[in-house]
Amino acid sequence: MKTNCIRAMCMWWPPLLILLVSSACGVALTYYGPASFDEPLLLWFRVSGNTEQLAGPQWAAAFWLGLTWLGDTVPRIVIASLTILGLLMLRRWHTALFMAGILLSGIALSTSLKYWVGRPRPQLVTYLDHINSLSYPSGHALNSTLFYLAVALVLSPLLSRRAARWTLYVVAASLSLATGVSRVALGVHYPTDVIAGWIISVAWVWLWFAVAMRYWPKALPQASASR
């Protein structure tokens with residue numbers, strides 16, 4: 001029993017430590033200024049000498065706006081709702097509730113961290129998307145990664161083919177990365193905001209799964225036979 005408790009604590013501590021360090025880094029960036037690579041990467045997406053114009057073809061702005069849309073509230077809610085509805089139809093009540101808990105708590109975490117850290121948006125380039133909140137961490141990067149990663153981890157054990165599971169993982173990772181990069185390209189986030197969003201979301205999902213493995217194993221779907 002004592003060994004199991006120690007093992008559970010070891011599983012909880014890494015994500016908690018990651019969350020703490022990520023928050024501390026946000027505070028440091030707010031008070032001491034952007035990281036050395038923040039501004040060069042922001043400028044890399046713009047025409048040299050013109051911070052208002054995106055580098056690349058004329059359709060570059062539409063391309064990046066399309067990618068950032070993947071992290072908007074509407075597509076996330078649609079995908080999450082369909083996933084939870086599917087789990088309910090399969091009578092996986094615990095898993096559906098577990099999924100909803102991850103997603104809703106992630107939104108609350110993102111909002112809380114933004115206000116606690118208080119980092120302003122970058123002022124180096126012209127914004128190419130609407131913004132209405134603070135900068136650290138990137139809400140699009142955090143919530144899109146949280147949503148797509150949680151969906152992949154919850155649904156992949158229900159797939160019998162290994163290739164299908166890996167495809168799901170690759171799609172989730174690709175959508176998360178694309179959404180995060182688009183926020184930098186559009187000038188509304190520092191790269192460190194986006195990196196923090198990715199890291200924090202992974203730590204948050206890790207923490208939820210660690211707690212579920214210890215106290216709520218019924219919430220985790222059983223793996224199907226691999227083929």
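The values are calculated or read from the model by the stated rules, or taken from the named source; none is laboratory data. Quantities reported herein were computed from a predicted structural model and do not represent experimental measurements. Cβ placement follows ideal geometry from the backbone for every residue including glycine, while neighbour counts extend to all protein chains displayed. All accessible areas refer to the heavy atoms of the entire protein, side chains included, with ligands and DNA or RNA removed. Shrake-Rupley method; radii C 1.70, N 1.55, O 1.52, S 1.80 Å.
Brief remarks on what is shown
- With every protein chain in place, the stretch 101-227: carbon and sulfur % of accessible area (1.4 Å): 69
- Principal axis analysis of the Cα atoms in the stretch 137-199 yields extents of 41, 16, 12 Å, listed in decreasing size.
- Percent of alpha-carbon pairs separated by more than 17 Å within the stretch 30-137: 68
- Heavy-atom accessible area, probed at 1.4 angstrom with all protein chains present, ranks HIS130, HIS140, HIS189 as HIS130, HIS140, HIS189, highest first.
- Protein heavy-atom accessible surface, 1.4 Å probe, per residue over the chain: 54 Å².
- Qualifying chymotrypsin sites (Phe, Trp or Tyr not before Pro) for the stretch 120-227 [loop in DSSP, other Cβ within 10 Å: at most 15]: TYR127
- Taking all C-alpha pairs of the chain, those more than 23 Å from each other amount to 52 percent.
- Karplus-based coupling profile of the stretch 189-194, in residue order and whole Hz: 9, 6, x, 5, 4, 5, with θ = phi - 60° in 6.51 cos²θ - 1.76 cosθ + 1.60 and x standing for Gly or Pro.
- Over all pairs of different C-alpha atoms in the stretch 80-167, the reciprocal of the mean inverse distance, the Kirkwood hydrodynamic radius, equals 15.1 Å.
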